[in-house]
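*Asks:* Here it is, the structure, as structure tokens.
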Amino acid sequence: MHEDRFFDPDPTIRRHARALYEETARLPIVSPHGHVDPRILADDTAFPEPTALIILPDHYVLRMLYSQGIPMERLGIRPADHRAAFEQDPRRIWQTFGDHYHLFHGTPSSAWLNYQFAEVFGIREPLNGASAARIYDAIAEKLASPEFRPRALFERFNIEWLATTDAAADPLESHARIRASGWGGRVMPTFRPDVLFRIALPGWPGELADLERATGKPIPDYAAFIDALASRRAFFRSMGATATDHGVEEPYTAELAPEDAERLFALARRGQALAGDQRAFEAHMLMEMARLSVDDGLVMQLHAGSLRNHNVELFRRFGPDRGADIPVAAEYTRNLRPLLNAYGNDSRFRLLLFTLDESTYSRELAPLAGHYPAVRLGPAWWFHDSIEGMTRYRQRTTETAGLYNTAGFNDDTRAFCSIPARHDLSRRVDANWLAGQVSRHIFGFDEARQIARALAYDLAKDAYRLGV
Ligand SMILES: [Zn+2]
């Protein structure tokens, strides 16, 4: 990897970019939003082998290979039909990956993967069909050694905070084990109640039953439902949570009259809620979550604009998170107006907004973040967590929202070993963007140094109220 990778070729910008990156390269990692399974840190057993660690949990890798005609079965994804055959030899899956590694050129996946190979595993040759078997063996050998256990890597990656994402009814057993173990790594849960608001889905009664089990009380009516959610939030806070997370296709918010909320809940309990009922209920529950956030201080994250499981057949056969979630246009200004008018002026409330619809950055999101005291703009997310995507984010939001209404970086990953790779890429892209500002004398180098540190570290802690 080139030491000046991702920096502008202009010598003045490059010189500033290098110097600014030097300021942030060794700062601890704050990872306040992600999807690492906490069990790996609770158990702290060796990762099994390279394919299970690097390929299987990475939906970016799966989607690219699938898009070029490689079936999920060949990538080791088990079909729902248990009689159907699928590849179970991790070395053969890795060879398929190596044979097709050129597909990732120009994508952030290759930046993340190359960093992992070189910096995490010390591999000195590029991955391709010819080197795949050697690289597999080299990584497998490393994974068997104590320095590559999850907690040792957590410490080597210099992670100061790591948030997981957990269902509202989750008993947080892994988090409890981590806390009881005496190990000092800070791993905290995030409260994600989405499925409980999707009252028209066939799985909803089961989700409600899980919530009843978690709280140890029946939930016969809407008031009991809100009590149960509030008590789970309190439990998550007691386990270190500082945030909630909500994923919606459109960020529609609207408050229902109490009798209407009760009526929809009763309808759902009878299994009679329809799509329109669910839309109204979800919009109302976002209002309720904001209301509870004012009380308990949990930061509310709202992710909008992803149409999940677009490929119906693929979803039926292989389940979610296989790379078939596709962005849709989203509208924030009108949709969030009820919520922001109710809570947006309250400094006890904090709302972090994430989008997959880049066109809204300059038109809606930067102006909202640049006005409402409660709003911060989350980082360039998912398809835009890329070299050009993060650059466009700065270009489209800074002049309106400023830099301090943004929430720093988060890696949003379930691929544990990619965490340092993603933070390194973000720090380089921000250093390069700041270097351009300095070169044009928009602000000076000393200001840029402070901003670089804020973007890489301080803003994430502030936005998520970590260590407060
Ligand atoms: Zn996420």
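*Asks:* With a 10 Å radius around each residue's Cβ, average the other Cβ atoms per peptide and rank 410-420, 110-120, highest first. Spell out each step's value before the answer.
*Replies:* Details: 410-420: 23.1, 110-120: 20.3.
The most tightly packed comes first, giving 410-420, 110-120.
*Asks:* Please state the charge dipole magnitude for the range 40-148, taken about the Cα centre, from unit charges on C-beta atoms (+1 on K and R, -1 on D and E), reported in debye and rounded to the nearest 20. The partial results should precede the final answer.
*Replies:* Working: 9 positive and 14 negative charges, 70 e Å.
Approximately 340 debye in magnitude.
*Asks:* Testing the spin-label approximation: label points 7 Å from Cα along Cα→Cβ at GLU249 and ALA230. State their distance in nm.
*Replies:* 3.2
*Asks:* Something else about it: Based only on Cα atoms, what mean projected area does the convex hull of the range 1-147 have, in nm²?
*Replies:* Working: hull surface 45.3 nm².
Averaged projected hull area, Cα only: 11.3 nm².
*Asks:* Could you list which residues have their amide H under 5 Å from that of GLN301, counting only those 5 or more apart in sequence or on another chain, with H placed in the peptide plane?
*Replies:* Amide H neighbours of GLN301: THR244, ASP245, HIS246, LEU352.
*Asks:* Would you please name the trypsin sites (Lys or Arg not before Pro) within the range 104-143 that are DSSP coil residues with at most 11 other C-beta atoms within 10 Å of their C-beta?
*Replies:* On the way: sites: ARG124, ARG134, LYS142; in loops: ARG124.
Qualifying residues, ordered by number: ARG124.
*Asks:* Also, quick follow-up: Using the Cα centre of the chain as the reference point, and only Cβ charges (+1 on K/R, -1 on D/E), how large is the resulting charge dipole? Debye, rounded to the nearest 20.
*Replies:* On the way: 55 positive and 63 negative charges, 80 e Å.
Dipole size: approximately 380 debye.
*Asks:* If you roll a 1.4 Å probe over the chain with all protein chains in place, what percent of the accessible area is carbon or sulfur? Walk me through the intermediate numbers first.
*Replies:* On the way: 9870 of 19850 Å².
Reported share for carbon and sulfur atoms: 50 percent.
*Asks:* Here is a further query. Full-extension gain between LEU201 and ASP221, please, as 0.36 nm times their residue separation minus the C-alpha to C-alpha distance. If you can, show how the numbers build up before the last one.
*Replies:* Values: separation 20, 0.36 × 20 = 7.20 nm, distance 1.84 nm.
Between LEU201 and ASP221, full extension yields 5.4 nm more.
*Asks:* Separate question: Which one of ALA241, LEU339, ILE13 is farthest out on the positive end of the charge dipole of the chain, using unit charges on Cβ (Lys, Arg +1; Asp, Glu -1) and the Cα centre as origin?
*Replies:* Farthest towards the positive end: ILE13.
*Asks:* Express the C-alpha Rg of the range 300-406 as a ratio against the empirical globular expectation 2.2 N^0.38 Å, rounded to two decimals. Please list the in-between numbers first.
*Replies:* Numbers: Rg = 15.1 Å, N = 107, 2.2 N^0.38 = 13.0 Å.
Ratio of Rg to 2.2 N^0.38 Å for the range 300-406: 1.17.
*Asks:* Return the Cα extents of the chain along principal axes one, two and three, sorted largest first, each rounded to a whole Å.
*Replies:* Result for the chain: principal-axis Cα extents of 65, 63, 45 Å.
*Asks:* So if we plug the beta-carbon distance of ARG179 and HIS441 into 1/(1 + (r/R0)^6) with R0 = 56 Å, what FRET efficiency do we get, rounded to 0.05?
*Replies:* On the way: r = 50 Å, r/R0 = 0.89.
Result of the calculation: an efficiency of 0.65.
*Asks:* Could you list the trypsin sites (Lys or Arg not before Pro) in the range 292-326 that lie in coil according to DSSP, counting only those with at most 13 other Cβ atoms within 10 Å of their Cβ?
*Replies:* Details: sites: ARG308, ARG316, ARG317, ARG322; in loops: ARG308, ARG322.
When the trypsin sites (Lys or Arg not before Pro) of the range 292-326 are filtered for loop state and at most 13 Cβ neighbours within 10 Å, ARG308 remain.
*Asks:* Taking 0.36 nm per residue of sequence separation and subtracting the Cα-Cα distance, how much length would be gained by fully extending the chain between ARG63 and HIS82, in nm to one decimal? Don't jump to the answer; show the numbers that get you there.
*Replies:* On the way: separation 19, 0.36 × 19 = 6.84 nm, distance 2.22 nm.
Extending this stretch completely gives an extra 4.6 nm.
*Asks:* Take the alpha-carbon centre of the range 397-468, take the same for the range 316-393, and report the distance between them in whole Å.
*Replies:* Each part reduced to its Cα centre gives a spacing of 17 Å.
*Asks:* Now for a different question. For the pair ASP4 and ASN158, how long in nm is the line joining their label points, each one 7 Å along Cα→Cβ?
*Replies:* Spacing of the two 7 Å Cα→Cβ label points: 2.3 nm.
*Asks:* Estimate the FRET efficiency between ARG453 and ARG308 by the formula 1/(1 + (r/R0)^6), using the beta-carbon distance for r and 41 Å for R0, to the nearest 0.05. It would help to have the intermediate numbers written out before the result.
*Replies:* Working: r = 36 Å, r/R0 = 0.88.
Efficiency, from the Cβ-Cβ distance: 0.70.
*Asks:* If the only charges are +1 at each Lys and Arg Cβ and -1 at each Asp and Glu Cβ, what is the size of the charge dipole of the range 387-468 around the Cα centre, to the nearest 20 debye?
*Replies:* 100
The values are calculated or read from the model by the stated rules, or taken from the named source; none is laboratory data. Please read all numbers here as calculations on a predicted model, not as lab measurements. A quick note on method: Cβ atoms are made from the backbone with ideal geometry, for glycine too, and the neighbour counts reach across all protein chains shown. The area values use the complete protein model at the heavy-atom level, side chains included, leaving out ligands, DNA and RNA. Shrake-Rupley method; radii C 1.70, N 1.55, O 1.52, S 1.80 Å.
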